[in-house]
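Colleague: The structure follows.
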Amino acid sequence: MNKNPLKSLDYDLLDHVFDMGGGYVLDFSNKTFSEFFFDELGIDIDNAHYCDIGNSKANRLRSYLRQASREDVLKVLGALWEYREVKRKRAGVKEGNPQYIAEFWQLIRRLGGTPPKHRAENDNAAPCEKMDDRIANDLLGKLMEVSNLDPQPRGYAFEKFLKELFDACGLSGRASFRLVGEQIDGSFEMVGETYLLEAKWTNQQVDASDLRAFNAKVEGKASWSRGLFISNSGFTEDGLLAFGSGKRLICMDGLDLSEILLGRLSFQNALSKKVRRAAETGRPFVRVRDLH
């Protein structure tokens, strides 16, 4: 049996950090709590093994932590922290308990984990408005080169272009970009949020079936993930209408990319504005030139 790495006072601290009063854990419902543990951590938190002190979400979490190894405790606490921070930042809520957070990271260090680098000064800062002229010109030239290529080499060149664009903008990649046919898959992180990426460079505009297929991928991942669909040829009006509103997808076309580079706009800033407009209107695609 694993020796419990947590002390009694540690559980009291976790109650404060993860809002475990009244048997709750953060804003999870029973369904999303189970899905989070299974999808993100491969843990069946509903197993009777973890209901020995009660069936509430908080009691199941406490039971798991008491039985888990130090490595698994770190893994679960890290995943819960990431979920907490994404939800807090997305809601625009300032940290209300800094003393508890400092103690939490002391606990992580004691368990052998590594707290993230301190970035508090950037947590609520808006992305910079402008892209460096030299970088923008270089990327714009490469985008023009991609457009002149034949279909097969064009797909790989577009993949390379997007990787360079994301690297230049300081986005944290969570997975390598991968070309499948004419479609590029990948993911990146921006301001603590994970975005799944799907990109296409074809002669045809993307229709509702492509949007629905990608949306299904996004909905099959963590509840805080978003999707960014980049289609150089754009999206059909009928497809966008049929796809509907209120989804977790943001759409971007080739004209948007050109507008960003020609205007020396920050990619993060343009994407943040698209996200805000989608939240306001429910529409996944609003052109960069129409964002104010």
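No lab work stands behind these numbers, since they all come straight from the coordinates. Since the structure is predicted, the reported quantities are computational estimates derived from the model, not experimental observations. Glycine also receives a Cβ, built like all others from the backbone with ideal geometry; neighbour counts cover every protein chain displayed.
Colleague: Magnitude of the Cβ-charge dipole of segment 1-110, K/R +1 and D/E -1, about the Cα centre, nearest 20 debye? It would help to have the intermediate numbers written out before the result.
Modeller: Details: 17 positive and 17 negative charges, 57 e Å.
That gives a dipole near 280 debye.
Colleague: When the gyration tensor of segment 133-290 is built from Cα positions, what are the square roots of 5 times its three eigenvalues, in whole Å, from largest to smallest?
Modeller: On the way: eigenvalues 96, 63, 52 Å².
So the three semi-axes of segment 133-290 are 22, 18, 16 Å.
Colleague: Oh, and also: Given 0.36 nm per residue, what is the gain on full extension from Asp132 to Arg276 after removing their alpha carbon distance, in nm?
Modeller: Working it through step by step, the gained length comes to 49.4 nm.
Colleague: Using DSSP, restrict attention to beta bridges with both residues in the chain and report what percent are antiparallel, rounded to the nearest 5. Each step should come with its number before you reach the end.
Modeller: Values: 15 of 27 bridges.
Of the beta bridges lying entirely in the chain, close to 55 percent run antiparallel.
Colleague: Related question: Just to be sure I understand the model, the point goes 7 Å from the Cα along the line to the Cβ. What's the resulting Glu193 to Ser147 distance in nm?
Modeller: About 2.9 nm, to one decimal.
Colleague: Looking at segment 133-290, what % of its DSSP beta bridges pair antiparallel, to the nearest 5? Don't skip to the end; give the middle numbers.
Modeller: Values: 14 of 26 bridges.
Roughly 55 percent of the beta bridges in segment 133-290 run antiparallel, per DSSP.
Colleague: On to the next question. With labels modelled as points extended 7 Å from the Cα through the Cβ direction, what inter-label distance (nm, one decimal) is found for Glu237 paired with Ala216?
Modeller: Between Glu237 and Ala216, the simple spin-label model gives 2.8 nm.
Colleague: May I ask you to compute the full-extension gain from Val93 to His16, defined as 0.36 nm times their residue separation minus their alpha-carbon distance, rounded to one decimal in nm?
Modeller: Between Val93 and His16, full extension yields 26.1 nm more.
Colleague: If we sort 234-243, 39-48 on the protection proxy, mean other Cβ atoms within 10 Å, highest first, what's the order?
Modeller: On the way: 234-243: 16.5, 39-48: 14.2.
The densest-packed peptide leads the list: 234-243, 39-48.
Colleague: Next up: If you wrap a convex hull around the C-alpha atoms of the chain and split its volume per residue, what is the figure in Å³? Intermediate results must be reported in sequence, preceding the final value.
Modeller: Working: hull volume 44.5 nm³, N = 292.
So the per-residue Cα hull volume is 153 Å³.
Colleague: Can you tell me the relative contact order of the chain? Whole percent, Cα pairs under 8 Å, sequence separation 6 or more.
Modeller: Relative contact order, the chain: 13 percent.
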